[in-house]
Amino acid sequence: MKETIFEVLVYLFEHYIDVDEDKAMEQSTLKTELIEAGFTDNYVDRAFDWMEELTNLPFEAIENTVQQRSIRIYSHEERHRFDVDAQGFLLFLEQAGIIDSTRRELIIDRAMALGDAILTVDHIKWVALIVLFSQTGMEGHYSQMEELVYGDIPFELH
(Lines give C-alpha, C1' and ligand atoms only; values in the text may rest on other atoms or scores of the structure.)
Protein backbone atom coordinates (compact mmCIF):
# COMPACT_ATOMS: atom_id res chain seq x y z
CA MET A 1 0.00 0.00 0.00
CA LYS A 2 1.09 3.52 -0.72
CA GLU A 3 0.95 5.52 2.47
CA THR A 4 1.36 9.27 2.06
CA ILE A 5 -0.63 12.21 0.78
CA PHE A 6 2.43 13.14 -1.26
CA GLU A 7 2.36 9.83 -3.15
CA VAL A 8 -1.35 10.28 -3.93
CA LEU A 9 -0.78 13.82 -5.22
CA VAL A 10 2.15 12.80 -7.43
CA TYR A 11 0.14 9.89 -8.82
CA LEU A 12 -2.85 12.16 -9.52
CA PHE A 13 -0.68 14.73 -11.20
CA GLU A 14 1.18 12.24 -13.36
CA HIS A 15 -1.89 10.26 -14.43
CA TYR A 16 -4.71 12.77 -14.62
CA ILE A 17 -3.23 16.22 -15.30
CA ASP A 18 -3.72 16.02 -19.06
CA VAL A 19 -7.36 14.89 -18.88
CA ASP A 20 -9.63 17.20 -20.85
CA GLU A 21 -12.32 19.06 -18.91
CA ASP A 22 -15.05 17.19 -20.78
CA LYS A 23 -13.40 13.90 -19.76
CA ALA A 24 -12.82 14.94 -16.14
CA MET A 25 -13.81 12.26 -13.69
CA GLU A 26 -16.19 12.55 -10.83
CA GLN A 27 -14.38 12.51 -7.49
CA SER A 28 -15.98 9.21 -6.45
CA THR A 29 -14.79 7.51 -9.67
CA LEU A 30 -11.32 8.95 -9.24
CA LYS A 31 -11.27 7.80 -5.61
CA THR A 32 -12.18 4.25 -6.67
CA GLU A 33 -9.36 4.24 -9.23
CA LEU A 34 -6.86 5.50 -6.65
CA ILE A 35 -7.86 2.82 -4.17
CA GLU A 36 -7.51 0.20 -6.92
CA ALA A 37 -4.02 1.62 -7.60
CA GLY A 38 -3.08 0.79 -4.00
CA PHE A 39 -3.76 3.96 -2.05
CA THR A 40 -5.64 3.84 1.23
CA ASP A 41 -9.03 5.48 1.60
CA ASN A 42 -7.72 7.79 4.32
CA TYR A 43 -4.82 9.15 2.24
CA VAL A 44 -6.98 9.59 -0.85
CA ASP A 45 -9.46 11.68 1.16
CA ARG A 46 -6.64 13.69 2.69
CA ALA A 47 -5.12 14.33 -0.76
CA PHE A 48 -8.51 15.57 -2.04
CA ASP A 49 -8.75 17.85 1.01
CA TRP A 50 -5.21 19.11 0.29
CA MET A 51 -6.18 19.99 -3.29
CA GLU A 52 -9.40 21.66 -2.18
CA GLU A 53 -7.51 23.77 0.36
CA LEU A 54 -5.10 24.84 -2.38
CA THR A 55 -7.94 26.06 -4.58
CA ASN A 56 -9.63 27.86 -1.66
CA LEU A 57 -6.62 29.77 -0.30
CA PRO A 58 -7.20 33.55 -0.17
CA PHE A 59 -4.44 34.76 -2.52
CA GLU A 60 -5.23 38.44 -1.99
CA ALA A 61 -4.51 38.22 1.74
CA ILE A 62 -1.21 36.49 1.11
CA GLU A 63 -0.13 38.95 -1.56
CA ASN A 64 -0.91 41.91 0.70
CA THR A 65 1.27 40.63 3.55
CA VAL A 66 4.33 39.40 1.66
CA GLN A 67 6.79 41.92 0.26
CA GLN A 68 8.53 40.98 -2.99
CA ARG A 69 12.02 41.40 -1.51
CA SER A 70 11.25 39.80 1.84
CA ILE A 71 13.60 37.42 3.62
CA ARG A 72 11.95 34.24 4.81
CA ILE A 73 12.69 33.19 8.38
CA TYR A 74 11.48 29.65 8.94
CA SER A 75 9.53 28.89 12.10
CA HIS A 76 10.83 26.30 14.56
CA GLU A 77 8.49 23.64 13.15
CA GLU A 78 9.37 24.51 9.54
CA ARG A 79 13.11 24.30 10.26
CA HIS A 80 12.63 20.81 11.66
CA ARG A 81 10.45 19.61 8.78
CA PHE A 82 12.20 21.19 5.76
CA ASP A 83 15.63 19.67 5.33
CA VAL A 84 18.46 22.07 4.46
CA ASP A 85 18.37 21.15 0.77
CA ALA A 86 14.61 21.80 0.61
CA GLN A 87 15.10 25.25 2.16
CA GLY A 88 17.91 25.92 -0.31
CA PHE A 89 15.80 24.75 -3.22
CA LEU A 90 13.00 27.15 -2.29
CA LEU A 91 15.53 29.98 -2.18
CA PHE A 92 16.91 28.86 -5.56
CA LEU A 93 13.41 28.88 -7.09
CA GLU A 94 12.81 32.39 -5.83
CA GLN A 95 16.19 33.75 -6.89
CA ALA A 96 15.81 32.14 -10.34
CA GLY A 97 12.48 33.94 -10.76
CA ILE A 98 10.48 30.71 -11.04
CA ILE A 99 8.43 31.64 -7.97
CA ASP A 100 7.81 34.89 -6.18
CA SER A 101 7.45 35.37 -2.44
CA THR A 102 3.69 34.81 -2.67
CA ARG A 103 4.11 31.43 -4.38
CA ARG A 104 6.88 30.58 -1.90
CA GLU A 105 4.43 31.03 0.95
CA LEU A 106 1.83 28.91 -0.84
CA ILE A 107 4.41 26.18 -1.42
CA ILE A 108 5.48 26.25 2.23
CA ASP A 109 1.85 26.11 3.37
CA ARG A 110 0.98 23.20 1.09
CA ALA A 111 4.22 21.33 1.89
CA MET A 112 3.54 21.63 5.61
CA ALA A 113 0.00 20.37 5.00
CA LEU A 114 1.38 17.13 3.54
CA GLY A 115 2.04 15.92 7.06
CA ASP A 116 5.35 14.26 6.19
CA ALA A 117 7.88 14.48 9.02
CA ILE A 118 10.74 15.57 6.76
CA LEU A 119 10.22 17.59 3.58
CA THR A 120 12.84 17.04 0.89
CA VAL A 121 13.71 18.68 -2.42
CA ASP A 122 11.44 16.16 -4.17
CA HIS A 123 8.52 17.25 -2.00
CA ILE A 124 9.20 20.90 -2.81
CA LYS A 125 9.57 20.22 -6.55
CA TRP A 126 6.19 18.50 -6.75
CA VAL A 127 4.37 20.92 -4.47
CA ALA A 128 5.77 23.86 -6.44
CA LEU A 129 4.70 22.23 -9.70
CA ILE A 130 1.15 21.66 -8.43
CA VAL A 131 0.91 25.17 -6.95
CA LEU A 132 2.12 26.80 -10.19
CA PHE A 133 -0.24 24.65 -12.23
CA SER A 134 -3.15 25.83 -10.09
CA GLN A 135 -2.34 29.52 -10.63
CA THR A 136 -3.60 31.48 -13.60
CA GLY A 137 -0.95 33.51 -15.41
CA MET A 138 1.90 31.28 -14.22
CA GLU A 139 2.24 29.12 -17.34
CA GLY A 140 5.85 30.12 -18.10
CA HIS A 141 6.87 29.57 -14.49
CA TYR A 142 5.07 26.22 -14.54
CA SER A 143 7.04 25.21 -17.65
CA GLN A 144 10.31 26.05 -15.92
CA MET A 145 9.28 24.06 -12.86
CA GLU A 146 8.16 21.17 -15.04
CA GLU A 147 11.67 21.05 -16.54
CA LEU A 148 13.15 20.87 -13.04
CA VAL A 149 10.79 18.03 -12.07
CA TYR A 150 10.96 15.94 -15.24
CA GLY A 151 14.27 17.10 -16.71
CA ASP A 152 17.70 15.74 -15.98
CA ILE A 153 18.78 18.87 -14.15
CA PRO A 154 19.91 17.81 -10.66
CA PHE A 155 19.72 20.31 -7.84
CA GLU A 156 22.66 20.32 -5.50
CA LEU A 157 23.16 22.73 -2.63
CA HIS A 158 26.70 24.09 -2.61
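The values are calculated or read from the model by the stated rules, or taken from the named source; none is laboratory data. All of these numbers come straight from a predicted model, not from anything done at the bench. Cβ placement follows ideal geometry from the backbone for every residue including glycine, while neighbour counts extend to all protein chains displayed.
Every residue, every condition in (1) closer than 19 Å to GLU52 by Cα; (2) outside any helix (DSSP H, G or I); (3) in contact with a helix residue (DSSP H, G or I) (Cβ under 8 Å, 6 or more places away or on another chain); (4) free of Cβ contacts under 8 Å to residues at least 60 places away in the same chain, yes or no:
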position: ASP85; (1), (2), (3), (4): no, no, yes, no
position: PHE92; (1), (2), (3), (4): no, no, no, no
position: ILE99; (1), (2), (3), (4): no, yes, yes, yes
position: ARG110; (1), (2), (3), (4): yes, no, yes, no
position: ASP122; (1), (2), (3), (4): no, no, no, yes
position: LYS125; (1), (2), (3), (4): no, no, yes, yes
position: PHE133; (1), (2), (3), (4): yes, no, yes, no
position: GLU146; (1), (2), (3), (4): no, no, yes, yes
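State all residues of region 104-127 that are of a type in the set (Val, Ile, Thr), farther than 21 Å from TYR150 by Cβ and surrounded by fewer than 20 Cβ atoms within 10 Å (Cβ to Cβ); if no residue qualifies, say none.
Listed by number, the list holds a single entry, ILE118.
Within region 28-45, count every residue that is crowded, with 18+ Cβ neighbours inside 10 Å and of a type in the set (Lys, Arg).
0
Can you tell me which residue among LEU106, LEU119, LEU91 is more than 27 Å from LEU30 (Cβ to Cβ) and at pLDDT 90 or above?
Step by step, each of LEU106, LEU119, LEU91 is checked, and only LEU91 is more than 27 Å from LEU30 (Cβ to Cβ) and at pLDDT 90 or above.
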